[in-house]
Amino acid sequence: MIIRRFTLVQQVLGILLVGFTVVFIAGSMVMRALQTANLMYIYEQTQQLVQSSVNGAEEKLADISATLYDLVVSNAIQEAGSNYLTLQDKENSLSAQMTFQDTITAAIQSSVIDNDLITCANYINMHGDVRAVASTGYIKLDSEAAAQVEQQAIDAKGYTILIDGKTVTDEGSYLLFVKELREKKALSMRHIGVIILFVDMEKIGEALADAYNGTYILQNDQDSLLYLFNETGGIEQNEALFIQTDMNEKGYALPKIGGRYYFVTEFHNSGHIFSYRVLLPYNDLFFKVEQLFSRFVGIFILGCLGALALSMFLMRRVTMDINRLRNHIGNISDVADIPININIPMHNRDSYELYTTFNTMAEYINRLIRDNYEKQILVKETQLATLQAQINPHFLYNTLNSIYWRAKKAKDPGLAGMIDSLSNLLREATNVDETLITIDKELEIVCHYARIQKQRYAERLNLTFDVAEECSNLMIPKFTLQPMLENAIHYGLECMLEPCDICIRIHSEGDDCVCWVCNKGPAPAENLMENLKNGSIELQGNGIGLLNIDKRIKTVFGEQYGVCVMRDKERAETIVQASFRKKLLAEGEGVAHAGEL
């Protein structure tokens, strides 16, 4: 019979997902219904409470507009204005002109004194002079603001215009009702002056807030007038976002601004001066829904606990399989031969896969143990061969030492020097304990090599040194300069019949040290190092090669250092350059025995 096995994750997640999904869907549906009902209730209440206060505010503003119209067409002001114009035509006395001006301001004052929304009135005569008529306060436009307002009134051609007080005065939040005073006698329509009424918008806002406690944004159709009343919670900083918020088909919106949700609804009737937006903190209105949400959370927690209980029941079945496997592993006494393919009943698929994986691992471990045993035998044999091979260098040293003394006895200093240098080179080559040495010691190796080559090439080899004193104790990979010199002899001296000048220059450049081996031989191939690295050409000649030097320098000092080959056309020199970071003897001790480079 085939047993269908499910993973532990599949079983637990299946139960949890079913339970959580059912609870979440039910809770979401309840919350959605409650939210919709709550919003509609808030919207209906807001419409009922605010609509009457909005209408009242609009009626008050309409009364002010009517008051301004009555002032402009009143007989007293028109008669005084006509007489004033007559005096202007006849250039009569200033005192007579002032009398008519007083008559106009007195008529204005009598009309506005009883209106508590009108803080003050200004009258601008045809000469631009401003008279202030106080009601509950005193505000007088300066000459520049008066000229600006007067020009807007003239451009309106007799219509009443509304101006935001913040554009012409810094005193309070005012809406200016402005109308040009023109002579109606004989329909001359000559300019007499301009009447301005300062309406205190803060009182409009207080009246709205008294009817319904919320934040109000007043805005006219041209967006030139904008007022914010009863502002709370930093709404003023985001008023532009509230203005741009579009209402849904139900007439309200729930924008999130400044980290808070707001309930926003709008009132805008035909003929109104302003459209009104009312803003209410949504969290303050959602108290009842929060109570129901707490109940939902309780139900959700109970559902989670039930799902966890069921999960624990399933986990117990899984642990039974795991305990069987654990007991099987615990009974293994000899790790050198782990038993495999033991038949253990497994009901869970994860446990079954773990059991089969363990058998595979055990088989792999057994194979590794056998391989490791064979490798240990091979290492022992290699160590024995290494100890045996150590006899050869000592034999060579002793042989060369005997030849050296025979040459000394035969009074052949050249041969004795070659043997001595060869012995030193062999000793350094077989000493693997040091990977980094000082430049001074590297130069000793170079001198031993040059001493041997000098016997071969005699006067054809001219070797000079130019070494900066501060570079003497810097560390360098062993056998860096000697292969570079060998390369210069092979590709320079051996390719020409005349004597070859080779110079070793070592100098510092900032935090780096640069070594040059220059020779007067023929020019190298173009892009030699790049071609060697990508295998386009093969390295020829003896020695460990430039690529090996480059690799060892990069291993110790980093990829930005290494070897490059250049040609100085002006001096007809081939230059092999090795650059590395300055490292003193004390710094190099940590890597001197880091292993073979």
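Determine the percent antiparallel among the DSSP beta bridges restricted to the stretch 420-539, to the nearest 5. Of those bridges, close to 60 percent are antiparallel. Within the full protein context, the accessible area of residue 52 is estimated at about 80 Å² for a probe radius of 1.4 Å. Taking a ≥ b ≥ c as the square roots of the eigenvalues of the Cα gyration tensor, the stretch 95-134 is classed as oblate, since a/c reaches at least 1.5 and a/b does not exceed b/c.
Per-residue 3J(HN,Hα) values for the stretch 122-139, derived from phi via the Karplus relation 6.51 cos²θ - 1.76 cosθ + 1.60 with θ = phi - 60°, read 10, 10, 10, 7, 5, 8, x, 6, 10, 10, 9, 10, 7, 10, 9, x, 10, 9 Hz in sequence order (x marks Gly and Pro). The residues 127, 490, sorted by heavy-atom accessible surface at 1.4 Å with ligands and nucleic acids left out, run 127, 490 from largest to smallest.
Name the shape class, rounded, prolate or oblate, that the alpha-carbon gyration tensor gives for the stretch 447-580, where a ≥ b ≥ c are the square roots of its eigenvalues, rounded holds for a/c under 1.5, and otherwise prolate holds if a/b is larger than b/c and oblate otherwise. Taking the square roots of the gyration eigenvalues as a ≥ b ≥ c, the stretch 447-580 is oblate.
Given 0.36 nm per residue, what is the gain on full extension from residue 127 to residue 429 after removing their alpha carbon distance, in nm? Working shown, then result.
Values: separation 302, 0.36 × 302 = 108.72 nm, distance 11.11 nm.
Value of the extension gain: 97.6 nm.
Prolate is the label for the stretch 45-161, because a/c, from the alpha-carbon gyration tensor with a ≥ b ≥ c as root eigenvalues, is 1.5 or above and a/b exceeds b/c.
Using 28 Å as the Cα-Cα cut-off, could you pick out the over-long pairs in 478/569; 478/533; 179/203; 60/179; 454/533?
On the way: 478/569 31 Å; 478/533 22 Å; 179/203 22 Å; 60/179 18 Å; 454/533 32 Å.
Violating the 28 Å Cα-Cα cut-off are 478/569; 454/533.
Sequentially through the stretch 167-173, phi angles give Karplus couplings (6.51, -1.76, 1.60; θ = phi - 60°) of 7, 10, 8, 9, 9, x, 9 Hz, Gly and Pro residues having no value and appearing as x.
With +1 on the Cβ of every Lys and Arg and -1 on the Cβ of every Asp and Glu, and nothing else charged, how large is the dipole of the stretch 45-179 about its Cα centre, in debye rounded to the nearest 20? Before the final figure, lay out each step's value.
Numbers: 7 positive and 18 negative charges, 20 e Å.
Using only the charged Cβ atoms, the result is roughly 100 debye.
Rounded to 0.05, the FRET efficiency of the residue 356 and residue 297 pair, given R0 = 41 Å and the Cβ-Cβ distance, is 0.40. Each of 447, 500 has its accessible area taken with a 1.4 Å probe; listed largest first, they run 447, 500. Take residue 460: with every protein chain present and a 1.4 Å probe, its accessible area is about 70 Å². Solvent exposure of residue 28, expressed as accessible area, is near 40 Å², computed with a probe of 1.4 Å over the protein chains only.
The values are calculated or read from the model by the stated rules, or taken from the named source; none is laboratory data. Fair warning: this is a prediction, and the values are worked out from it, not measured in the lab. Note that each Cβ is placed from the backbone with ideal geometry, even for glycine, and that neighbours are counted across all protein chains shown. Protein only, heavy atoms only, side chains kept; ligands, DNA and RNA dropped before computing areas. Shrake-Rupley method; radii C 1.70, N 1.55, O 1.52, S 1.80 Å.
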